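Computed from the coordinates by the stated procedures, all read-outs in this text should not be read as laboratory data. The structure displayed is predicted, hence computed values, not measured ones. All Cβ positions, glycine included, derive from the backbone under ideal geometry; neighbour counts span all protein chains shown.
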Amino acid sequence: MDQDDKPEAGGIRQKLVETKQAWARAGRLLTGQRATPEQRLPPGQRLVKDYPVLDLGIQPNVPEGAFRLTLDGLVENPVTLDWAAFTALPQEERFNDIHCVTQWSRYDNTWHGVAVATLLDLAKPKPEAKFVSFEGYDGYTTNLTLDDFALPENLLAHSWEGERLTRQHGGPLRVIVPHLYFWKSTKWVKRITFLAQNKPGFWEVRGYHDRGDPWLEERYG
Ligand SMILES: Nc1nc2c(c(=O)[nH]1)N[C@H]1C(S)=C(S)[C@@H](COP(=O)(O)O)O[C@H]1N2
Ligand SMILES: [Mo]
């Protein structure tokens with residue numbers, strides 16, 4: 001493994017960030033095709049059987065006992081849930097495909113966790129809330145519209161294929177938003193903030209698309 005590709009103690013993988021920013025500038029991987037979700041593999045994607053790990057190289061250790069998830073911003077009922085409170089919420093299963101903007105797609109993933117609808121019922125976003133900002137324990141951020149977040153297939157997942165999520169894949173808890181590129185699915189999720197204005201996140205301010213629909217090839221923008 002190239003030295004520069006290794007996680008650096010206390011620092012993000014700067015080379016990976018620079019490479020991905022350069023891809024955005026160059027429009028790398030764009031095929032110019034458009035497809036609908038009925039075509040299972042989005043344009044420019046390559047199917048993998050393994051489950052790659054993608055992050056900035058900081059994989060925070062968040063024991064369940066130290067875990068807190070905060071829902072705040074424009075909500076009637078701001079809440080911070082500890083692990084017991086989170087896992088006491090109704091548990092659901094989702095089955096879907098995931099698509100990373102670096103070109104890999106993985107079919108048939110089974111997740112367990114809490115549906116976004118359950119969290120929205122709890123926090124109760126105000127009518128002014130139109131956007132959502134996510135923060136991970138590694139400092140990563142991303143953004144969605146509230147409409148994209150509220151879709152029924154989305155989950156806050158603690159398990160994949162019947163096992164607790166590993167630390168590498170975002171355990172103890174990560175967001176799963178399967179209809180958008182996987183950078184929109186925050187690992188080690190810590191805070192979900194409801195906003196009136198859009199707040200672009202880590203990759204969105206580095207040349208990546210604000211929405212990231214794989215079937216429209218919304219890689220960069
Ligand atoms: N907190 C956090 N979440 C993150 C990232 C990250 O660096 N930090 N990387 C994103 C990217 S680019 C991808 S493709 C997926 C990768 O998830 P995986 O490692 O489980 O494959 O996580 C997304 N969520
Ligand atoms: Mo990614």
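For the range 81-100, a tally of residues being touching a strand residue (DSSP E or B) at 6+ places or on another chain (Cβ under 7 Å) and within 15 Å of ligand 2 (Cβ to nearest atom) returns 3.
Between G32, G65, which is of a type in the set (G, A, S) and not in a loop (DSSP other than H, G, I, E, B)? Exactly one residue qualifies, and that residue is G65.
R106 passes every criterion in (1) more than 9 Å from ligand 1 (Cβ to nearest atom); (2) over 14 Å from the mean Cα position of the chain (by Cα); (3) surrounded by fewer than 19 Cβ atoms within 10 Å (Cβ to Cβ) apart from (1).
Every condition in (1) more than 30 Å from W23 (Cα to Cα); (2) outside any loop (DSSP other than H, G, I, E, B) is met by P90 except one, and the failing one is (2).
I want to confirm something. Restricting to the range 29-78 and keeping residues that are of a type in the set (S, T, Y) and more than 16 Å from ligand 2 (Cβ to nearest atom), which single residue is farthest from the chain's Cα centre (by Cα)? The extreme case among them is T31. Per the listing V62, V75, the residue uniquely within 21 Å of H169 (Cβ to Cβ), of a type in the set (V, I, T), touching a Pro at 6+ places or on another chain (Cβ under 7 Å) and in contact (Cβ under 8 Å) with a residue 12 or more places away in the chain is V62. Of the strands (runs of 3 or more DSSP E) lying entirely inside the range 120-197, those containing at least 1 residues that are more than 15 Å from T110 (Cα to Cα) span 131-136, 141-145, 189-195.
Taking every residue in the range 190-219 that is touching a residue at least 40 places away in the same chain (Cβ under 8 Å) and under 22 Å from E18 (Cβ atoms) and pairing it with any residue that is hydrophobic (A, V, I, L, M, F, W, C) and assigned to a loop (DSSP other than H, G, I, E, B), at least 6 positions away or on another chain, the pairs with Cβ-Cβ distances below 6 Å are G212/L180; R219/V101.
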